[in-house]
1. Give the carbon-plus-sulfur fraction of the accessible surface of region 121-167 in %, rounded to a whole number; probe 1.4 Å, heavy atoms of protein chains only.
2. How do 25-37, 82-94 rank on mean C-beta neighbours within 10 Å, highest first?
3. Would you mind computing, in nm to one decimal, how far apart the modelled labels at I180 and H151 are, each placed 7 Å from Cα along Cα→Cβ?
4. Could the peptides 133-143, 166-176 be put in order, highest first, of the mean number of other beta-carbon atoms found within 10 Å of their residues?
5. Specify whether the C-alpha gyration tensor of region 15-143 places it in the rounded, prolate or oblate class, a ≥ b ≥ c being the square roots of the eigenvalues: rounded for a/c under 1.5, otherwise prolate if a/b is larger than b/c and oblate if not.
6. Can you give the accessible area per residue of region 29-80, in Å², using a 1.4 Å probe?
7. Any idea what Rg and Dmax come out to for region 88-143 if you just take the C-alpha atoms, in Å?
Amino acid sequence: MEIIQFFIDLLQDPRGFIAEWIVAFGVGAYIPIFLIIFVETGLVVMPFLPGDSLLFTAGFFAADGGGLNIFVLLPVVWVAGILGDSCNYWIGRGFGKGILESGKVKAMTPERIEKTEAMINKWGPVAVFLGHFFPFIRTFVPFFSGLGHMHYRRFLIFNISGVITWSSIFILLGYFFGGIPIVQQHFELVIVAILVISLIPAISGAIKAKLSMNNSK
């Protein structure tokens, strides 16, 4: 329960947490950022972590002497995402069928599984790139790529490009716009807006799936 509460608190106030890490760990503040991005992308049981808002906030702290260095932050996050996705791929390849059949991963709802599989079926390896921009899907695509035995070299190419593009966009948004006075004054609202915008595709897909099920009855 404590770990769940930690992530809930992190979701609500990423700025406060990163500020505490910088004060407590100094240059070691990159470590918790690395671990959170790695866990979100690498463990299929943790798809709800605040990757987008964390990256935006980290970018803010990398600007104007905020305690982080943009030239260190970017490669740290790139490596975390690439390694995390690769870990998730091999989990799916080695244990994916058993995990699905167990039903123990509650975040893997039928709607999310269907949406992820539909994306992979439609876009193939390109889905590995596109999936980074959708919460939950971001965590599930590597897992299902491994489960479906997508060639690892092909997966890795699109994974690297996807991680670098996704993480760089959100970090640079925070870096260039996080210090604007109106953003500073309403930072929590900006974080909420990022979460809402990120979740729109997932919510829309769930609603469509629900309506489709009702219409088929």
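1. On the way: 1340 of 2000 Å².
Carbon and sulfur: 67 percent of the exposed surface of region 121-167.
2. Working: 25-37: 16.9, 82-94: 21.2.
Descending packing order for the listed peptides: 82-94, 25-37.
3. 4.4 nm
4. Working: 133-143: 24.9, 166-176: 20.8.
My ranking of the peptides, most packed first, is 133-143, 166-176.
5. Numbers: a/c = 2.46, a/b = 2.10, b/c = 1.17.
Taking the square roots of the gyration eigenvalues as a ≥ b ≥ c, region 15-143 is prolate.
6. Numbers: 1690 Å² over 52 residues.
Here the per-residue accessible area is 32 Å².
7. For region 88-143, the Cα-based Rg and Dmax read 10.8, 29 Å.
The values are calculated or read from the model by the stated rules, or taken from the named source; none is laboratory data. Note that the structure is predicted; figures quoted are calculated from it, not measured. Methodologically, a virtual Cβ is constructed for each residue, glycine included, from the backbone with ideal geometry; neighbour enumeration extends over all protein chains shown. Side chains included, ligands, DNA and RNA excluded: accessible areas come from the protein's heavy atoms. Shrake-Rupley method; radii C 1.70, N 1.55, O 1.52, S 1.80 Å.
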